[in-house]
Amino acid sequence: MIDSQPGHSRRYLLVGEGHVLCDQSGRLRLLDEAEAEPWLATADRDFLGHWNAVSLYALHLVDSQTIEGCQWLSLRTQLGLLDDQLFFLVGNALQWSRWRLEHRFCGRCGGPTEPMPAGEPAHRCPRCELRFYPRLSPCMITLVTRGDHCLLARHARSRQGIHTALAGFVEIGERVEDTVHREVMEEVGLTIKAPRYFASQPWPFPGQLMLGFHAEYDSGDIQVDGDEIVEANWWRYDNLPVTPPPQTIAGQLIADFVAQQHNKCS
């Protein structure tokens, strides 16, 4: 990707320890050249892409140092505040930052790694020549439906009481379709049929690729695992609890189901 275009100004995003720099109101801070000058010579830099006539770069700080008039916040706080393109670019920055942090040393021999030349997105170990490329963890997320009802669950880690679709990591040797069946059974004790791929979404918490599915209820009674899931119920499309925002693939799955039901009724 070309890192400059005619008429584009440069802006810099500061990233440190899994957080992004925001102002005191909680809004993302994008710094101009003068504001970013204290870190330009020392911080690792990545070109992220173009956004609204801006060439956007990430500056990766070793630690989240105190910056007057600013605060460090997680990307989750920016859901609904950033447009989809900027959220995607900031998510990329956080994933690159985490990858750099976790691959400073070789997992085979323990030696320090170094960046590959010519901008190749990898680190190498000069001692044993092992190379490390950024990798994503594939996950499935599925909305199980039964007629005009959908299954929504509340996770143990949810602080806002949000009810969402079921999700889980793809394990070694599995097709993602196998993961859909296994996770639904493990989390709520149901069997499903006819899983249908919906869409995907990069999800930088910390580095997943979410593969979204719709699936139909087949059999069984809800029995939550009590570990990851503390509550799950069937909800009619026009009487839903608090659900994820539309910027998330979970929110999009639910919105798609609701739209399908409205179309049936019209």
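Here are Ala58, Ala36, Ala93: which of them is open to solvent by less than 20 Å² (accessible area, probe 1.4 Å) and over 19 Å from the mean Cα position of the chain (by Cα)? Full working, then the answer.
Numbers: Ala58 fails: over 19 Å from the mean Cα position of the chain (by Cα); Ala93 fails: over 19 Å from the mean Cα position of the chain (by Cα).
It is Ala36.
For Gly251, indicate whether it is surrounded by 16 or more Cβ atoms within 10 Å (Cβ to Cβ) and without any contact (Cβ under 8 Å) to a residue 24 or more places away in the chain. Give the derivation first.
On the way: surrounded by 16 or more Cβ atoms within 10 Å (Cβ to Cβ): yes; without any contact (Cβ under 8 Å) to a residue 24 or more places away in the chain: yes.
Here the answer is yes, as Gly251 does meet what is asked.
So for the range 172-189 (the condition being touching a helix residue (DSSP H, G or I) at 6+ places or on another chain (Cβ under 9 Å), exposed (fewer than 15 other Cβ atoms within 10 Å of the Cβ) and outside any helix (DSSP H, G or I)), does at least one residue qualify?
Kept after step one, since they are touching a helix residue (DSSP H, G or I) at 6+ places or on another chain (Cβ under 9 Å), are these residues of the range 172-189: 174.
Subset that is exposed (fewer than 15 other Cβ atoms within 10 Å of the Cβ): none.
No: the range 172-189 contains no residue that is touching a helix residue (DSSP H, G or I) at 6+ places or on another chain (Cβ under 9 Å), exposed (fewer than 15 other Cβ atoms within 10 Å of the Cβ) and outside any helix (DSSP H, G or I).
Listed residues Arg10, Arg76; which is under 26 Å from Ala250 (Cα atoms) and open to solvent by 20 Å² or more (accessible area, probe 1.4 Å)? Don't jump to the end; show me each part of the working.
On the way: Arg10 fails: under 26 Å from Ala250 (Cα atoms).
Selected residue: Arg76, the only one of Arg10, Arg76 that is under 26 Å from Ala250 (Cα atoms) and open to solvent by 20 Å² or more (accessible area, probe 1.4 Å).
Take Pro117 and tell me if it is surrounded by 15 or more Cβ atoms within 10 Å (Cβ to Cβ), out of contact with any strand residue (DSSP E or B) (no Cβ under 7 Å at 6 or more places or on another chain), modelled with pLDDT under 95 and not charged (D, E, K, R).
Numbers: surrounded by 15 or more Cβ atoms within 10 Å (Cβ to Cβ): no; out of contact with any strand residue (DSSP E or B) (no Cβ under 7 Å at 6 or more places or on another chain): yes; modelled with pLDDT under 95: yes; not charged (D, E, K, R): yes.
Judged against the criteria, Pro117 is not a match.
Looking only at the range 14-33, count every residue that is under 15 Å from Leu89 (Cβ atoms) and either surrounded by fewer than 14 Cβ atoms within 10 Å (Cβ to Cβ) or small (Gly, Ala, Ser) (or both) and tell me the total.
0
Mind checking which residues of the range 66-103 are under 19 Å from Asp32 (Cβ atoms) and among the polar types (S, T, N, Q)?
Within the range 66-103, the first condition is being under 19 Å from Asp32 (Cβ atoms), and the residues that meet it are 67-70, 82, 86, 89-90, 93.
Correct list: empty.
Against the definition (open to solvent by 30 Å² or more (accessible area, probe 1.4 Å) and either β-branched (Val, Ile, Thr) or modelled with pLDDT of 90 or more (or both)), how does Arg45 come out, yes or no? Break it down stepwise before answering.
Values: open to solvent by 30 Å² or more (accessible area, probe 1.4 Å): yes; either β-branched (Val, Ile, Thr) or modelled with pLDDT of 90 or more (or both): no.
Against the criterion (open to solvent by 30 Å² or more (accessible area, probe 1.4 Å) and either β-branched (Val, Ile, Thr) or modelled with pLDDT of 90 or more (or both)), Arg45 does not qualify.
Quick check on my filter: what residues within the range 154-171 are surrounded by 15 or more Cβ atoms within 10 Å (Cβ to Cβ), modelled with pLDDT under 95 and hydrophobic (A, V, I, L, M, F, W, C)?
Ile162
The values are calculated or read from the model by the stated rules, or taken from the named source; none is laboratory data. It should be emphasised that the depicted structure is a prediction, and the values quoted were computed from it without experimental measurement. Every residue, glycine among them, receives a Cβ derived from its backbone with ideal geometry; neighbour counts consider all protein chains shown. The protein model used for the area step is the full one, side chains on, heavy atoms only, and it has no ligands, DNA or RNA in it. Shrake-Rupley method; radii C 1.70, N 1.55, O 1.52, S 1.80 Å.
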